[in-house]
Structures are given as C-alpha cells and as structure tokens.
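Since the structure comes first, as structure tokens, the remarks are kept for the end.
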C-alpha cells in the first residue's frame, strides 16, 4: 500500500517525465499536483495485456482527469499516449521540447521553491482534503484486486506469453 504515502504527503508533488513511462510510473501521476513532460515522453499502461488490473489510484483519478472513455482506453485497452496527448487529456500539465526540457523545468522548480511553504501546503490541503479518504479506499481496493490478479492463471499465462514474445525478439 505504498501509494498511501504519496496520498499523505502534504507538500506539493511535481512529476518530471523525460522518456517512456510504463505501468505504475504512469498511474500514480494522478496523485501529483503538477506533471511536466518532455515531448519525447510516452505514457503506457499495459495492465490488461499482462492479465493485471490498474493501480496507483488510477481507477479513480484517471476518469476524473480525462473522462471515463479516455481512461478506459488507456487503463483497460493499454493505449499508449504521447506527451501531447497526455497533456490534451489533462494527465500532463505542460510539455516542453526535449532540447529545453531541463532548463524549463528547473526554472519553474526554483521559482516554486521560493513560494511561502505553508501557503502551498495549506492550498494543497484544501484542494485534496475531500479526496484523501476516497484515495485511501481506492488504493486499498486496487491493491487487493491486484494481489488476486497476480494469483490468477490468466495473469500468469499473460505474463509468460509476454516474456516468451520478448525472448523471441
């Protein structure tokens, strides 16, 4: 239940994605306050391909962020998004050209670090206050479902098929 820690963090969380993000590294993005991506970044959640189920509270955050059908396309059917698509759907806050990515992100982070910390913490608390209990419940449910998926024959077969396909490449 590691995502409970992310849910509890009172400070603003900024994710920085500069390349391919897969699985839980994508699904936890809905728990971050800001997500910056390079135009080279991609976002992929191949859970169904592996006989698994979503995690990272994404069964709650993704439909809220991008709508049910876009979330389903990504979480159920494993659609890979480009950084531009992820930004258009609200998962990413802003996309920067890879050539200026580091400079752009660090400029913003340095500016944010100078903001009054208690004001930022209080603002985040107000924004997330009504969701924390729901996020903890969703996290617990997703963890339980995922554990049962890992023990299923379907999941084991999907993982074996995936690994054998990769071995043939």
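Here are some notes:
- Within segment 74-89, tally of residues that are in a strand (DSSP E or B), touching a residue at least 40 places away in the same chain (Cβ under 8 Å) and crowded, with 19+ Cβ neighbours inside 10 Å: 0
- Taking residues in segment 121-132 that are touching a residue at least 24 places away in the same chain (Cβ under 8 Å), and partners anywhere that are outside any helix (DSSP H, G or I) and surrounded by 14 or more Cβ atoms within 10 Å (Cβ to Cβ), the pairs with Cβ atoms closer than 6 Å and at least 6 places apart or on different chains are 124/12.
- Filter pass, residue 130 being part of a loop (DSSP other than H, G, I, E, B) and over 26 Å from residue 162 (Cβ atoms): yes
- Residues in segment 11-33 that are within 17 Å of residue 82 (Cα to Cα) and touching a strand residue (DSSP E or B) at 6+ places or on another chain (Cβ under 6 Å): 15, 16, 17, 18, 20, 21, 22, 26, 29.
- Near pairs, Cβ below 6 angstrom, 6+ apart or cross-chain, from segment 34-55 (on the phi > 0 side of the Ramachandran plot and at pLDDT below 95) to any residue that is surrounded by fewer than 23 Cβ atoms within 10 Å (Cβ to Cβ) and not in a strand (DSSP E or B): 51/154; 51/155; 51/158
- Only one of 105, 159, 92 that is touching a helix residue (DSSP H, G or I) at 6+ places or on another chain (Cβ under 8 Å) and either assigned to a loop (DSSP other than H, G, I, E, B) or closer than 19 Å to residue 42 by Cα (or both): 92
- Hey, residue 166 modelled with pLDDT of 95 or more, surrounded by fewer than 12 Cβ atoms within 10 Å (Cβ to Cβ) and under 23 Å from residue 43 (Cβ atoms) or not: no
- Of all residues in segment 31-73, exactly one satisfies the criterion of being in a helix (DSSP H, G or I), out of contact with any helix residue (DSSP H, G or I) (no Cβ under 7 Å at 6 or more places or on another chain) and closer than 21 Å to residue 129 by Cβ, namely 64.
- Restricted to segment 39-58, and to residues there that are touching a strand residue (DSSP E or B) at 6+ places or on another chain (Cβ under 6 Å) and surrounded by 19 or more Cβ atoms within 10 Å (Cβ to Cβ), the residue that is nearest to residue 160 (Cα to Cα) is 43.
The values are calculated or read from the model by the stated rules, or taken from the named source; none is laboratory data. Note that the coordinates shown come from a computational prediction; the quantities given were computed from them, not determined experimentally. Positions of Cβ are backbone-derived with ideal geometry, glycine not excepted, and every protein chain shown enters the neighbour counts.
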